1. Hey, could you check segment 35-57 for residues that are touching a Gly at 6+ places or on another chain (Cβ under 9 Å) and touching a residue at least 40 places away in the same chain (Cβ under 8 Å) and say which is farthest from ARG2 (Cα to Cα)?
2. Collect the residues in segment 58-87 that are touching a residue at least 60 places away in the same chain (Cβ under 8 Å) and farther than 17 Å from ALA7 by Cα, keeping them in residue-number order.
3. Only one residue in ALA104, ALA42, ALA37 is of a type in the set (Gly, Ala, Ser), assigned to a helix (DSSP H, G or I) and more than 19 Å from VAL130 (Cβ to Cβ). Which one?
4. Sort out which residues of segment 67-82 are surrounded by 13 or more Cβ atoms within 10 Å (Cβ to Cβ) and hydrophobic (A, V, I, L, M, F, W, C), and write them in order of number.
5. So LEU26 passes all but one of these: (1) loosely packed, with under 13 Cβ neighbours inside 10 Å; (2) in a helix (DSSP H, G or I); (3) of a type outside the set (Ser, Thr, Tyr); (4) at pLDDT below 95. Which condition number does it fail?
6. Tell me, yes or no, whether segment 127-147 has at least one residue that is of a type outside the set (S, T, N, Q), part of a helix (DSSP H, G or I) and either modelled with pLDDT under 90 or more than 27 Å from TRP16 (Cβ to Cβ) (or both).
7. Taking the conditions exactly as written (loosely packed, with under 14 Cβ neighbours inside 10 Å, of a type in the set (S, T, N, Q) and farther than 20 Å from VAL143 by Cα), does GLN105 satisfy them or not?
8. For THR62, are the conditions met, namely being closer than 18 Å to LEU86 by Cα, out of contact with any Pro (no Cβ under 7 Å at 6 or more places or on another chain) and surrounded by fewer than 16 Cβ atoms within 10 Å (Cβ to Cβ)?
Amino acid sequence: MRRLADALYEITLTLWVGGLWAIGFLVAPLLFSVLAADRQLAGLIAGKLFALIGWVGLGCATYLLLHTVVRMGRIAWRRWTFWLLLTMLLLTAVNLFGIQPLLAQIKADTLPRQAMESVLNQRFAIWHGVSGVVYVVQSLLGVLLVIGFRRAAR
């Protein structure tokens with residue numbers, strides 16, 4: 001059973017970090033490139049993908065944290081990878097439950113489309129930038145987590 005739990009840990013880590021990188025740095029830019037004529041549609045699809053990877057992240061982080069605590073016990077609290085996981089979970093929650101709903105509300109408040117050139121456009125751009133920074137930090141922490149996992153496996 002322990003081998004299955006360890007294999008699931010590796011799969012979960014790969015799914016989460018790989019998903020972050022694939023969506024954020026491959027799929028989203030490709031969407032805006034292919035759908036250049038309809039940036040609103042590209043943004044809608046990208047937003048749904050970011051929300052999806054956010055939910056995946058919540059599930060993955062929960063399993064990874066539980067696995068770490070069950071396997072290591074109280075020693076887990078002293079491992080930097082545990083705190084890295086916890087930080088990534090918190091960043092996921094901030095983006096999913098804080099920033100993304102705020103962006104959705106700003107978009108709803110700017111309808112019809114002409115209103116997007118209003119004061120709310122600047123507010124949207126700022127929060128969109130904050131969300132992007134949080135996502136990039138989370139993606140970089142994911143790389144550190146993978147490196148930490150590889151070192152611990154040796």
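1. Step by step, filter segment 35-57, then rank; the result is PHE50.
2. Listed by number, the residues that qualify are TRP80, THR81, LEU84, LEU85.
3. Numbers: ALA104 fails: more than 19 Å from VAL130 (Cβ to Cβ); ALA37 fails: assigned to a helix (DSSP H, G or I).
It is ALA42.
4. Here is the first cut: in segment 67-82, the ones surrounded by 13 or more Cβ atoms within 10 Å (Cβ to Cβ) are 67-69, 71-72, 76, 79, 81-82.
VAL69, MET72, ALA76, PHE82 - these are the residues of segment 67-82 that are surrounded by 13 or more Cβ atoms within 10 Å (Cβ to Cβ) and hydrophobic (A, V, I, L, M, F, W, C).
5. Unmet for LEU26, out of (1) loosely packed, with under 13 Cβ neighbours inside 10 Å; (2) in a helix (DSSP H, G or I); (3) of a type outside the set (Ser, Thr, Tyr); (4) at pLDDT below 95: (4).
6. To start, the set of residues in segment 127-147 that are of a type outside the set (S, T, N, Q) comprises 127-130, 132-137, 140-147.
Checking which are part of a helix (DSSP H, G or I) leaves us with 127-130, 132-137, 140-147.
Narrowing further to those that are either modelled with pLDDT under 90 or more than 27 Å from TRP16 (Cβ to Cβ) (or both): none.
Checked against the condition, which is being of a type outside the set (S, T, N, Q), part of a helix (DSSP H, G or I) and either modelled with pLDDT under 90 or more than 27 Å from TRP16 (Cβ to Cβ) (or both), segment 127-147 yields no hits at all.
7. Details: loosely packed, with under 14 Cβ neighbours inside 10 Å: yes; of a type in the set (S, T, N, Q): yes; farther than 20 Å from VAL143 by Cα: yes.
Yes.
8. Details: closer than 18 Å to LEU86 by Cα: yes; out of contact with any Pro (no Cβ under 7 Å at 6 or more places or on another chain): yes; surrounded by fewer than 16 Cβ atoms within 10 Å (Cβ to Cβ): yes.
Taking the combined requirement at face value, the residue satisfies it.
The values are calculated or read from the model by the stated rules, or taken from the named source; none is laboratory data. What you see is a predicted model, and the numbers here were worked out from it, not measured in a lab. Quick reminder, even Gly has a Cβ in these numbers, built from the backbone with ideal geometry, and neighbours come from all protein chains shown.
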